[in-house]
1. Could you check the stretch 1-52 and list, in sequence order, the residues that are open to solvent by 60 Å² or more (accessible area, probe 1.4 Å), of a type in the set (A, V, I, L, M, F, W, C), under 21 Å from Ser186 (Cβ atoms) and not in a loop (DSSP other than H, G, I, E, B)?
2. Under 7 Å between Cβ atoms, which residue pairs at least 6 apart in sequence (or on different chains) link something in the stretch 46-70 that is farther than 22 Å from Ile35 by Cβ and in contact (Cβ under 8 Å) with a residue 12 or more places away in the chain with a partner that is surrounded by 12 or more Cβ atoms within 10 Å (Cβ to Cβ) and of a type in the set (Lys, Arg)?
3. From Phe147, Phe191, which residue is aromatic (Phe, Trp, Tyr), at pLDDT 90 or above and within 29 Å of Thr4 (Cα to Cα)?
4. Would you check which residues across the stretch 114-131 are crowded, with 21+ Cβ neighbours inside 10 Å and in contact with an Asp or Glu (Cβ under 7 Å, 6 or more places away or on another chain) and list them?
5. How many residues are open to solvent by 100 Å² or more (accessible area, probe 1.4 Å) and over 29 Å from the mean Cα position of the chain (by Cα) if we restrict to the stretch 97-113?
6. Where the second residue is open to solvent by less than 70 Å² (accessible area, probe 1.4 Å) and modelled with pLDDT of 65 or more and the first is farther than 19 Å from Gly54 by Cα and acidic (Asp, Glu) and lies in the stretch 73-91, which pairs have Cβ atoms under 9 Å and are six or more apart or on separate chains?
7. Do any residues in the stretch 132-156 that are open to solvent by 50 Å² or more (accessible area, probe 1.4 Å) have Cβ atoms under 6 Å from those of residues that are assigned to a helix (DSSP H, G or I), where the two are at least six apart or on different chains, and which pairs are they?
8. Does Leu92 satisfy the condition of being out of contact with any His (no Cβ under 8 Å at 6 or more places or on another chain), modelled with pLDDT under 90, of a type in the set (A, V, I, L, M) and assigned to a helix (DSSP H, G or I)?
Amino acid sequence: MSLTDYQTLTDKLVRDDSGEISAADRDQAIGLAVIRYSTDRPRTKIEAVSSAGGVLLDLPTAWEAGFSRLVAVEIPNGADPEDDATPIDALLDQGLSGFRIRLDGRLADGETAHVHFTASHLVDDENDTIPAKDREAVAGWAAAVLFEELASLYSGHRQPTIQADSVDWQSKGRDFAARAKRLRESYLNHF
C-alpha cells in the first residue's frame, strides 16, 4: 500500500461532497494519523554502532530526536552477529554534546554494539511500514481528524435571523462530531 491508497481510503470514509476538505487537508490528516500510529505502535529498528572505546556509545544514525526510545543494546558474539548476542544494560545520557548511550560496561575501540530503538512509521509513494492489519484503522483516524474539522466548521455557522428555507448547521456539526468520535473509538478498539 502507498500514500495513494491511504488517500483513496480516507476519501471513501469521509465522502466530502461539499468540497470543504482539500487534498492538502486530507494529506495533513493522514500525516497526523501516521504520527498517532507511530506513537501507539512504533517500529523497532536495530543498527550496528561502532564504539570509540569506553562506556559511551553514539546514537544510531537513524535515531529520531524527540521520538526514538532506547529498547536494548547487545554485543554480538561470534562470526555471525545474527546468531548470538549478549544483552548489556544501557541508558540514555545527556551531556553537553547531546544524547549518547551510557553502557554498564566498557567497550573496546572499534567494538560493535547492536542498538535496538523505536522509530516512527513511514508512508509515502514508495514506502509503507504500517502492517496491513492496521491500515484501515490509520485511515479511520485520518478521517476522524477531517470530520472534526468539518464539525468545527459547521458548528461555527449561525442560523439566519429571517426564517426561510435553511440548513440546520448545528445538526451537521453534531453529526460530523459523532462520526469523528465513532472513528476514533474504532481506532482505539482496534488496539
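The values are calculated or read from the model by the stated rules, or taken from the named source; none is laboratory data. Just so you know, these numbers come straight off a predicted model, no measurement behind them. Ideal geometry is used to build each Cβ from the backbone, glycine not excepted, and the neighbour counts take in all protein chains shown. What goes into the accessible areas is simple: the full protein's heavy atoms, side chains included, and nothing from ligands, DNA or RNA. Shrake-Rupley method; radii C 1.70, N 1.55, O 1.52, S 1.80 Å.
1. Leu32, Ile35 - these are the residues of the stretch 1-52 that are open to solvent by 60 Å² or more (accessible area, probe 1.4 Å), of a type in the set (A, V, I, L, M, F, W, C), under 21 Å from Ser186 (Cβ atoms) and not in a loop (DSSP other than H, G, I, E, B).
2. Final answer for the pair search is Val55/Arg102; Leu56/Arg100; Leu56/Arg102; Leu57/Arg100; Asp58/Arg100.
3. Going through Phe147, Phe191 in turn, the sole match is Phe147.
4. Passing the criteria: only Val115.
5. 3
6. From the stretch 73-91, the pairs are Glu82/Pro76; Asp83/Pro76; Asp83/Asn77; Asp84/Pro76; Asp84/Asn77.
7. Going by the 6 Å Cβ cut-off, the qualifying pairs are Glu148/Ala180; Ser155/Gly173.
8. No: the conditions fail for Leu92.
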